[in-house]
Amino acid sequence: MKHKLQKFGLLSAGAALGVVISLSFTAVAEKDTGGNPLPVDELRAFTTVFGLIKQNYVEPVEDKKLITEAIKGMVSGLDPHSSYLDADSFKDLQESTQGEFGGLGLEVNMEDGLVRIVSPIEDTPAYKAGIKAGDFIMKIDDTPVQGIALNEAVSKMRGKPGTTVTLTILRKGEGKPLVFPLKRAVIKTQSVKSKLAEPGYGYIRVTQFQEHTTENVAQAIEKLYKDNKAPLKGIVLDLRNDPGGLLNGAVGVAAAFLPKDSLVVYTEGRTADAKIKLSATKENYLRPGSKGDYFASTPKEVKTVPLVVLVNGGSASASEIVAGALQDQKRALIVGTQTFGKGSVQTILPIDEKSALKLTTARYFTPGGRSIQAKGITPDIEVQEATVNGVEANSFMLREADLEHHLNNPTDKNAGKDKASKPEVKVEKPVVKPPVKTNASDPDAENAPRELVSKSDYQLQQAFSVLKVQQLLLQKQAAPAPTKETATK
């Protein structure tokens, strides 16, 4: 089981730009191809094209370049998350697993020939400059992004810490491109932040799922209870703009609030290795070499305390696993907006010491059997994000379903091919709309670094309101029924 868990360690929405794609990987033994014959006619066409290029292209081209580009094209045509990792890309991906890397602090993807921002990472140069989820990068310094490969765009944005790079950004609602001069940095991301928002109510923010995220969440829970000096009345778990990360981190964060052995997620793929079930047990979230249980000292009340999970369109992959598990297990209310919808698992398959294949090998499902792929998690209470001059903050945000070659959703009734698919029960969800800010006194205030628990964070304040309503209902249920004598007085 641990071997399988390590293989399925990569759960993230985009490609790495000094960013938060994290993984655990193991060497994968060669597998029998099943005796399928090679497609001779197609291979003959490939060799013909190869020869024509070598003979007729305007400039000489090395064989290695042609073969490498052919491999890249073959893999990238499968789905948005599979890719061939050359020596540089493979090295960058391995380095990013530790939560420390060089770059700007962006989670990115390629869409319509432009680099799309999936999410800026908090406390990084890109985040502090005001780059937002849903922005498109039009130029890197003086180089237009249109037409170049994602890995090439990423390499142009990387560089020695302290040096500068200028990004030209397209943003919905802006009449002209925005220019952001950024200074590269070695980014050490703190994946978990917490605060006692007010007496009785705790706040935990997970920005991405890294190697130490589970134990950091356990420490945050212990500190919140210690600071409050009494059992908490409620907790908000904020997963907004969390693009994903390690699968065992997702299992661990869900396990913090679920009863032991509760199912968190399962995966389905073509091979036996791709079919796994992961429950809330320490074997499924402890890092190799760890002893004991991260949650051994956390108060038992955390398993039943009222819980709200806050999500939005930038919540992807591992974030959706946590939200889906807590929703299906009736453990939390999900508040916010529809999530990204990345329900596929990528396995890192080493080719040699310097290169590897990042290949989509499975879909994951919530405990209730839902596939999140190209659909996302629908909140129990929809709370829209704040608007400025009537324009939604993330109105330009694309989701998995918008990406070219995305996998379908096998449990979606519209797919029409899955006999086991259950009919969807439509329930009207309560929707809370924020006030429209028509005249912002400070045009740059929107780009200022956000306080951890801000009074101006509309979605967060609504999440706390939901917790307080839950607390009132619990108090009402616990109150003794009036006796006949008191009822007649």
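Numbers at a glance
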{"item": "Set LYS277/LYS476; LYS229/LYS277; LYS72/LYS193; LYS277/LYS330 screened for pairs whose C-alpha atoms are more than 29 Å apart", "result": "LYS277/LYS476; LYS229/LYS277; LYS72/LYS193"}
{"item": "Distance between modelled label sites at LYS354 and THR164, nm, 7 Å Cα→Cβ extension", "result": "3.5"}
{"item": "Nearest-0.05 FRET efficiency for LEU78 and LYS172, computed from C-beta distance (R0 41 Å)", "result": "0.90"}
{"item": "Relative exposure of PHE257, PHE46, judged by other C-beta atoms within 10 Å (fewest first)", "result": "PHE46, PHE257"}
{"item": "Cβ charges +1 (Lys, Arg) and -1 (Asp, Glu), total dipole of the stretch 205-320, debye", "result": "260"}
{"item": "Over the stretch 100-173, relative contact order from alpha-carbon pairs under 8 Å, at least 6 apart, %", "result": "32"}
{"item": "DSSP-loop trypsin sites (Lys or Arg not before Pro) across the stretch 324-376, with at most 15 other Cβ within 10 angstrom", "result": "LYS330, LYS354"}
{"item": "Listed pairs LYS188/LYS358; LYS183/LYS358; LYS128/LYS358 exceeding 28 Å between Cα atoms", "result": "LYS183/LYS358; LYS128/LYS358"}
{"item": "Length released on extending from LYS476 to GLN219, taking residue separation times 0.36 nm less the Cα-Cα span", "result": "89.3 nm"}
{"item": "Packing-based exposure ordering (other Cβ within 10 Å, fewest first) of HIS212, HIS81", "result": "HIS212, HIS81"}
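Every number in this text was worked out from the coordinates using simple rules, so none of it is lab data. As the structure is a prediction and not an experimental result, all values here were calculated from the model. Note that we place each Cβ from the backbone using ideal geometry, even for glycine, and neighbour counts take in every protein chain shown.
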